[in-house]
């Protein structure tokens, strides 16, 4: 009898062990399937994280579809009319483009009436317009400096005064590069993401043998001599602001001392927020991701810093208040949502998490046109209660820790004190998307030129990206802006040139009108950031 009981107990323990193993394997299968669905979505699905408005209906609020920025509708009577089809309906061309007119006329001997042989006259004209593109052309600019001497002194005196006509200093001493040339190479690489070896081939097609080494030397020398001081002045101005954004991404530098070519270096980004009158975007190359780098860069900064979850930001001094990014949190819930079968997505906890965050972002859209003080008041009235409700739901939501939903819930709990800080000040933003958008030009360029050869090249790239992206943020044409800088910087302080470094900053009033990016239908933008009241 006792032997039978022992045998039964062994069978029960074996069954329990198998059940436990089956449950464990089923959990692993679910995790693998979720990873497969997420990978398929990232490879074949749309990259946008937009969701349907129907997900917001869990709140059942009257202001679901409200928009505070939309004015009240005015009832007007519209009369029937016919609209003439314009030449260009979707594309826009500047009105100040030069126009080349080509007249197509019959020869005098052909202007004879085929009926009565009388001379015909012009009764009307039919016009067709075309957009004509003229490829870039290269020319040689030869500077001839006249040297003057006195004839009378040559005849009567043992001292002959010699006077030279003023001639501008070159952008690179001993080189043959014009300001326009270096500006063109920089824009092609850092705006159009065209590596120097491709530009070398393009020059060759035009009959100009210009090596990538020469172009690289030009970029680095121009950066060290003229753009470096402007970069430092921009950094000084940046740290005077009270709200900044930060982000970082990887970079490969082949010939970095003490590191293998395959190792990772980092490009850090710091920029002003939307409340700034003059936008400044700065890149900073560093060999690693240690927290000492942002601490050193932001040594003179005190205020709010928008950043992601990286622990290095949380080790910054107490004078820097780190603000979290709800877009990162929403992305985690969104990824968890996409790993679920479509038939259960709508009622899932992942969908509820996305809906809560969508509502918070929806409120921010409504507050976009408000002043910081009014935005703070509206957040206290609407966003803070919703934020608290979201976290009450988070605390009551059970999710396995290794699942994507579990990771999203854990992220929300562990980062709460950083995520809710955007409610402290009306100048703060709900996400760090502003920094992510600014670092995107560098990421796109990296996909084309892949790596930097030396640390000096990486530092030069950081400076060029800083000036170019800042210029674009302030409505400037990067090529015209760099050309203007390379023309004036070597002649700083001379009559007719810029007199101070701060005048080179993208927000300076000293920048001539031609440097601004032309706007369709207008000679220049109606209003720039620095012209605001």
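The values are calculated or read from the model by the stated rules, or taken from the named source; none is laboratory data. From a predicted model like this one, the values you see are computed outputs, not experimental measurements. Cβ: placed from backbone, ideal geometry, glycine included. Neighbour counts: every protein chain shown.
When restricted to residues that are within 26 Å of residue 185 (Cβ to Cβ), surrounded by 10 or more Cβ atoms within 10 Å (Cβ to Cβ) and without any contact (Cβ under 8 Å) to a residue 12 or more places away in the chain, region 128-160 contains 0.
Among the conditions (1) assigned to a helix (DSSP H, G or I); (2) at pLDDT 95 or above; (3) under 19 Å from the mean Cα position of the chain (by Cα), the only one that residue 429 does not satisfy is (1).
Condition check ((1) within 26 Å of residue 247 (Cβ to Cβ); (2) modelled with pLDDT under 95) across all residues:
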{"residue": "318", "(1), (2)": "yes, yes"}
{"residue": "321", "(1), (2)": "yes, no"}
{"residue": "324", "(1), (2)": "yes, no"}
{"residue": "332", "(1), (2)": "yes, yes"}
{"residue": "347", "(1), (2)": "no, yes"}
{"residue": "368", "(1), (2)": "yes, yes"}
{"residue": "375", "(1), (2)": "yes, no"}
{"residue": "381", "(1), (2)": "no, no"}
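Those helices (runs of 4 or more DSSP H) of region 308-424 in which at least 2 residues are surrounded by fewer than 17 Cβ atoms within 10 Å (Cβ to Cβ), considering only elements entirely within it, cover 311-314, 342-345, 349-367, 372-378, 384-396, 404-414, 416-419. Under the condition of being out of contact with any strand residue (DSSP E or B) (no Cβ under 7 Å at 6 or more places or on another chain) and crowded, with 18+ Cβ neighbours inside 10 Å, the residues counted in region 480-510 number 15.
Taking region 251-272 only, how many residues are closer than 18 Å to residue 465 by Cα and touching a strand residue (DSSP E or B) at 6+ places or on another chain (Cβ under 6 Å)?
The total comes to 9.
Residue-wise test of (1) part of a loop (DSSP other than H, G, I, E, B); (2) at pLDDT below 95; (3) touching a strand residue (DSSP E or B) at 6+ places or on another chain (Cβ under 7 Å); (4) under 23 Å from residue 279 (Cα atoms).
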| site | (1), (2), (3), (4) |
| --- | --- |
| 186 | no, no, no, yes |
| 192 | yes, yes, no, yes |
| 197 | no, yes, no, no |
| 202 | no, yes, no, no |
| 208 | yes, yes, no, no |
| 226 | no, no, no, yes |
| 232 | no, no, no, yes |
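So that you can scan it fast, the table gives a plain yes or no per residue for (1) within 22 Å of residue 308 (Cβ to Cβ); (2) more than 28 Å from the chain's Cα centre (by Cα):
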position: 325; (1), (2): yes, no
position: 331; (1), (2): yes, no
position: 334; (1), (2): yes, no
position: 338; (1), (2): yes, no
position: 341; (1), (2): no, yes
position: 360; (1), (2): yes, no
position: 364; (1), (2): yes, no
position: 370; (1), (2): no, no
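The criterion of being within 32 Å of the chain's Cα centre (by Cα), assigned to a loop (DSSP other than H, G, I, E, B) and either modelled with pLDDT of 90 or more or within 20 Å of residue 468 (Cβ to Cβ) (or both) holds for residue 177. Screening the candidates 458, 462, 495 for the property of being closer than 26 Å to residue 175 by Cα, modelled with pLDDT under 95 and in a helix (DSSP H, G or I) yields one hit, 458.
Can you report the number of residues in region 211-222 which are crowded, with 20+ Cβ neighbours inside 10 Å and without any contact (Cβ under 8 Å) to a residue 40 or more places away in the chain?
1
Looking only at region 438-449, decide whether some residue is buried (at least 16 other Cβ atoms within 10 Å of the Cβ), in contact with a helix residue (DSSP H, G or I) (Cβ under 7 Å, 6 or more places away or on another chain) and within 24 Å of residue 347 (Cβ to Cβ). Checked region 438-449: no residue is buried (at least 16 other Cβ atoms within 10 Å of the Cβ), in contact with a helix residue (DSSP H, G or I) (Cβ under 7 Å, 6 or more places away or on another chain) and within 24 Å of residue 347 (Cβ to Cβ).
Could you tell me which of the residues 170, 195 is within 29 Å of the chain's Cα centre (by Cα) and surrounded by 11 or more Cβ atoms within 10 Å (Cβ to Cβ)?
Exactly one of 170, 195 is within 29 Å of the chain's Cα centre (by Cα) and surrounded by 11 or more Cβ atoms within 10 Å (Cβ to Cβ), namely 195.
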